[in-house]
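Below is one structure; the comments refer to it alone.
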């Protein structure tokens, strides 16, 4: 068995994705409550009972729902958060009177990570955190590696750091935020301060910024090992200021992306995405050579 990935929901209403491994299941973010998560998992062949760990990119309400705390304690699920946000996470157990009885046990399950050394949320799956500029407290991308598979995961980016391109250059699944269309953002009824926050370099990525980053990652990946990711997943689409049709029109301009594209949705899960480490086919090898020569000419 290898690794399967399912995006359960992605957007401002809640972000959560399930990584199924031979060592158990891992949630990347828990912005959907446990009941919604269980509903999304129906018919998928797995359940909340199989979740062994949760990795949190950051603590915004759409990435960690406090209703998880009783479920985390009952099932003994370890929760991984950046070391600088541990106290904030523990305070969440005190905000609601019904959760306070779980605080001591929840504290025992809370684990921290840094950005220097990799950590292991489930057995034989190594995870490295990459700091991102997002609002005041920042966020973290993850590079996960194990069972012959590499996954690059990044959402809530104010901008794309150079090290993200390097760390994601040889992954088998590439998942990146593509939050808004600039024209739709500018013409929306949102207040000026919110538009400035989102578009000002510490909020979210536009479609064009995400497309540029993905193309840079693919170029680097081809130079490094000559293969492309099996899947490219677009995360955290704004329902008000983005449109799947516009996203697909833009990203399909690059045939390397078009053949691998999945646009995650807020209200329904994706199918299981199963990465496989494959050598490029003959036609794709021609495409790789053409892309590399085009990149060199730019």
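A single entry from 57, 112, 39 fulfils the requirement of being at pLDDT 95 or above, in contact with a strand residue (DSSP E or B) (Cβ under 7 Å, 6 or more places away or on another chain) and either exposed (fewer than 15 other Cβ atoms within 10 Å of the Cβ) or at positive phi (or both): 112. Number of residues in segment 30-52 that are without any contact (Cβ under 8 Å) to a residue 60 or more places away in the chain and not in a helix (DSSP H, G or I): the value is 10. If you go through segment 60-74, how many residues are in contact with a strand residue (DSSP E or B) (Cβ under 7 Å, 6 or more places away or on another chain) and under 18 Å from residue 98 (Cβ atoms)? Number of matching residues: 4. Among the residues examined, residue 46 does not qualify as under 30 Å from residue 180 (Cβ atoms) and surrounded by fewer than 20 Cβ atoms within 10 Å (Cβ to Cβ).
Quick grid of which residues meet (1) touching a strand residue (DSSP E or B) at 6+ places or on another chain (Cβ under 9 Å); (2) more than 26 Å from residue 184 (Cα to Cα); (3) surrounded by 18 or more Cβ atoms within 10 Å (Cβ to Cβ):
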| site | (1), (2), (3) |
| --- | --- |
| 204 | yes, no, yes |
| 210 | yes, no, yes |
| 217 | yes, yes, yes |
| 220 | no, yes, no |
| 224 | no, yes, no |
| 235 | yes, no, yes |
| 239 | no, no, no |
| 245 | no, no, no |
| 248 | yes, no, no |
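Here residue 22 does not fit the description of being under 20 Å from residue 93 (Cα atoms) and surrounded by fewer than 24 Cβ atoms within 10 Å (Cβ to Cβ).
The values are calculated or read from the model by the stated rules, or taken from the named source; none is laboratory data. As the structure is a computational prediction, the values presented were derived from the model and not from experiment. Here the Cβ is made from the backbone with ideal geometry for all residues, glycine too, and neighbour counts use every protein chain on show.
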